[in-house]
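The values are calculated or read from the model by the stated rules, or taken from the named source; none is laboratory data. These figures come from a predicted structure and were not determined experimentally. FYI the Cβ positions are ideal-geometry reconstructions off the backbone, even for glycines, and counts take in every protein chain you see. Only protein heavy atoms, including side chains, enter the accessible area calculation; ligands, DNA and RNA are left aside. Shrake-Rupley method; radii C 1.70, N 1.55, O 1.52, S 1.80 Å.
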Amino acid sequence: MFDSRQIMSPHDSIFFAIKSEKNNGHQYISELYEKGIRHFIIEENVAENKYPLATFFKVENTIQSLQGIAGKHRQNFSYPIIGITGSNGKTIVKEWLYQLLKDDFKIVRSPQSYNSQIGVPISVWQMNENHNLGIFEAGVSRRGEMKKIAPIIACDFGIFTSLGTAHDAGFSDLEEKAKEKSGLFYQAKKIIYRKDIKEVDECVSNLNARAITWSFSLDSNLSIKKIQERKDGKYGANIQASYQSQLQSGSDLKSDPDLAKTIEINIPFSDEVSCYNAIICWLALLEMNIPNEEINKRMQGLEIVAMRLELKKGINQTTLINDTYNLDLTSLQSSLRFMESQAGNKNKTLIISDILQHDLNNESTYQTIADWVNNDFNINRIIGVGKEIVSLDYLLHKNVKRYFYKTTDSFLEDLQNLTFKDEIILVKGARDFRFERVVSRLEQQAHRTVLEVNFNALKNNLNTYKDALKPETKIMVMVKASAYGTGAAKVAKLLETEGVDYMTVAYIDEGVELREAGVNTPILVLNPEPSGFEAMLRNNLEPEIYSLQQLKQFYDFIENHNIGKKQEIPIHLKLDTGMRRLGFEEKDLMALILFLQNKKAILIKSIFSHLAGSDAAEHDDFTKQQILRFERMHKRISEALRIKPIRHILNSAGISRFPDYQFDMVRLGIGLYGIETSENMQGKLNVISTLKASISQIKTLNAGESVGYNRGGKVFKPTKIATVSIGYADGLSRAAGYGKYSLLVRGQKAKTIGVICMDMCMIDISNIPTARVGDEVIVYGENPRIEELATCMNTIPYEVLTSISDRVKRVYVLD
């Protein structure tokens, strides 16, 4: 293990004390020793006499040690390994290959998206003698990383899925990126890739491996002829191609039918990305000599790979975690950790199926699960489905409620007799049990429009800003206005697990909500009102103090309630250095200092100010004047009161544009939520919010007809329109109507037509013939971007984010 928060079985664990720019695993050794860990791999000196029962192995680099041990473990096995890399599609291709081959092989594969410098060795560590095929993915974000993990995978069969702009910052160009990624195949005997990606083709041609290619041209093993709607009337795509196992130099596939044969497959997906991923899997199975008739049969059974768990509202005030992606011990452990981080004071229910892995020892597997339920996660209730899961009955503590069913159908029939209320529920099942039906029954039946919040993107943005900070600089994150519309409680709990130092809300009730959700991180309240002082202190919230009048009100309150006699009450002084909203001015400092002298009940935790124009170069001189004024005012207060409070002035734009003025702490706001506030962050931040609706109905209007109020959407030719389940009551402004904005349907933009109604809007889908009722519609996300909608509304992204109404369901996803 390498994460001190993720202790499962201390007596069986060994802790790798990994060092990074912002963290150091060695500082957790004492805590872990107290929790029962006895084996440590370290790279710094440790006072071993403090830990008499521990064994320490000192190495030069703990990550390299982890990789080296996994590499040695890999050498114990000689069965075939498929190694997958690429900019996108790695996890989908891996999971689809598993679906397509699981009846032929006993497969070990990367859990979820474990493809990093740490994820790869953890994945390979799963290998044992019960497997006969491995499928592992590898990702890199900068030069020199692949050579460290490629020997751990040591693949015989390589797959290069795609080459795109993901992680561009770590490479000078696509050629360099392709070369780095193709390093995975240093000993591969054959490699599948798309031949018309020239950078990949050039790299692979220099390797000592047989190229197995696909493309839309003729000079490849699998030449794609046509992608069209399925001919059998079912939803999905029909893909036709000519296939030749061995390419001969100079051969002309088109003119020699004996060399190439025409084949086809049908898949239950129609989007371009899914088609391309299916083609890769198709070619892999052909190369494994599986008849195309059998491949086509299996392809039609491909299932959506829900690569991310979803956190959503359930019935009767429950919180529902949908993680029916797959079920193995590694992913179960990860899901239980996430459940623990989100549970707060709620009871915990685990709904789980049999674990369908050929290579597992069932007795030890279910003993491990029982240990997690009984001890590590303190699950209150378990509902098991399957023939084997019932073995838990004899392993669980008496206080754990348990129910067992042989099939999902029998569980669903009895669901009405079970009570689910005010608890957190993790649904985790093998695919064969179709637990999506369980999720459908348990989730709150709400408006079909949802705001999807990507926790992986949120963590990426946080780490991007952390990378720009000095190791000693603290970080305060803004979670006011319901975390900019994304949902404060869920976001704050994730940020707490990521180790942020402070959180900030606008009003006291926002802070109380976080405390009630189980958030323990220090919280600053920007606008504390006197009527809420009692609730603020009762919930350990810390006020911003911006005027002498307000300070006197607050001090009188703590004196009258005898609060300050037991402990110092933390406050944060706000200085007005140029924003001209709230804060002490320089002329106020003498009176402030005189009042605070000898006020032992008050602890000045921080002194801060707010930059007015840090995102615009035209205001740089003013920004620097603000910083100088802040330093001068802070110094005067600190020296007069003989204190050393935390100093902070930089916001999101300031962090990237004025790195020399980080002081003791920075405040991260809109940048955390994926909105680029300066050119310095261009391309480094991920979109975290995607607003989604769906098509409710499709109609064809004749020339001269209209749609919507006041006949606002008139057409002058036959026009196909779709009514979409989002309106201005959801947050889509009326300013987006009359064709001024476009929504995304099946990867294509469709302009609004007529007015935006309260609960719905209409779009022109005449150029999207494949659109169907129920299709997902993207309002904003990766494409179109929220900035486009903000421009259309003549406002800023902040307003768009915070205007999404409460009736829009928030769904949280995590890889």
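Summary of values
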| quantity | calculated |
| --- | --- |
| Label-to-label distance, nm, for residues given as Leu603 and Thr407 (7 Å Cα→Cβ offset) | 6.2 nm |
| Leu548 accessible area, assembled protein chains, probe 1.4 Å, Å² | 50 Å² |
| Cα-based shape type of the range 502-651, given that a ≥ b ≥ c are square roots of the gyration tensor eigenvalues and the cut on a/c is 1.5 | oblate |
| Leu628 - accessible surface, heavy atoms, 1.4 Å probe, Å² rounded to 10 | 100 Å² |
| Derived scalar couplings ³J(HN,Hα) [the range 579-589; Karplus, 6.51 cos²θ - 1.76 cosθ + 1.60; whole Hz; x for Gly, Pro] | 5, 6, 10, 10, x, 6, 8, 4, 5, 8, 5 |
| Gain in span if fully extended, Gln682 to Asn45, counting 0.36 nm per residue against the direct Cα distance | 225.3 nm |
| Lys, Arg +1 and Asp, Glu -1 on Cβ, resulting dipole of the range 517-579 about Cα centre, debye, nearest 20 | 140 debye |
| Cα gyration tensor shape of the range 54-165, rounded if a/c is under 1.5, else prolate or oblate by comparing a/b with b/c | oblate |
| Accessible surface of the range 557-660 [probe 1.4 Å, protein heavy atoms]: carbon and sulfur percent | 46 percent |
| The chain, dipole about Cα centre (Lys/Arg Cβ +1, Asp/Glu Cβ -1), debye to the nearest 20 | 880 debye |
| The chain: relative contact order in percent, alpha carbon pairs under 8 Å with at least 6 residues between | 8 percent |
| Average accessible surface area per residue within the chain, 1.4 Å rolling probe, Å² | 45 Å² |
| Most positive-pole-ward Cα, Asn686, Ile726, Gly739, against dipole of the range 675-763 from beta carbon charges | Gly739 |
| Size of charge dipole - the range 396-544 - debye, nearest 20, with Cβ of Lys, Arg +1 and Asp, Glu -1, no other charges | 740 debye |
| Apportionment of accessible area to carbon and sulfur, the range 75-146, percent (1.4 Å) | 43 percent |
| Listed residue pairs exceeding 24 Å between alpha carbons, taken from Lys474/Lys605; Lys90/Lys313; Lys692/Lys751; Lys90/Lys148 | Lys90/Lys313 |
| Estimated FRET transfer efficiency when R0 is 22 angstrom, pair Thr262-Lys231 (beta carbons, to 0.05) | 0.95 |
| Relative packing of 291-298, 112-119, 641-648, 720-727, which averages over residues the other C-beta atoms within 10 Å, highest first | 720-727, 112-119, 641-648, 291-298 |
| Per-residue ³J(HN,Hα) for the range 787-798, Karplus 6.51 cos²θ - 1.76 cosθ + 1.60, θ = phi - 60°, Hz, x for Gly and Pro | 4, 5, 5, 4, 4, 4, 7, 6, 9, 10, x, 3 |
| Solvent exposure, largest accessible area first (probe 1.4 Å, DNA, RNA and ligands not counted), of Phe171, Phe411 | Phe171, Phe411 |
| Chain lengthening between Lys566 and Ala612 when straightened (0.36 nm per residue, less Cα-Cα) | 12.7 nm |
| Distance between the range 95-168 and the range 9-57 - C-alpha centres, whole angstrom | 29 Å |
| Heavy-atom accessible area ranking, 1.4 Å probe, most first, across Asp173, Asp620 | Asp173, Asp620 |
| Cα gyration tensor, the range 673-815 - rounded (a/c under 1.5), prolate or oblate | prolate |
| Neighbourhood charge, 10 Å Cβ-Cβ cut-off, centred on Thr161 and excluding it, Lys, Arg +1 and Asp, Glu -1 | +3 |
| For the range 649-755, with +1 on Lys and Arg beta carbons and -1 on Asp and Glu, the positive-most of Val707, Gly674, Gln662 along the dipole | Val707 |
| Förster radius 45 Å - calculated FRET efficiency between Asn702 and Ser341, Cβ distance, rounded to 0.05 | 0.20 |
| Pairs from Lys234/Lys261; Lys19/Lys190; Lys94/Lys181; Lys231/Lys699; Lys466/Lys600 whose Cα-Cα separation, in the structure shown, is over 28 Å | Lys19/Lys190; Lys466/Lys600 |
| Whole-percent carbon and sulfur share, accessible surface of the range 300-443, 1.4 Å | 43 percent |
| Separation between Cα centres of the range 576-620 and the range 394-452, rounded to whole Å | 52 Å |
| Protection-proxy order for peptides 774-783, 664-673, each taking the mean of Cβ atoms within 10 Å per residue, highest first | 664-673, 774-783 |
| Candidate residues Arg38, Arg381, Arg632: accessible-area rank, largest first, probe 1.4 Å | Arg632, Arg38, Arg381 |
| Cβ-based net charge around Leu548, under 15 Å, with every Lys or Arg adding one and every Asp or Glu removing one | -2 |
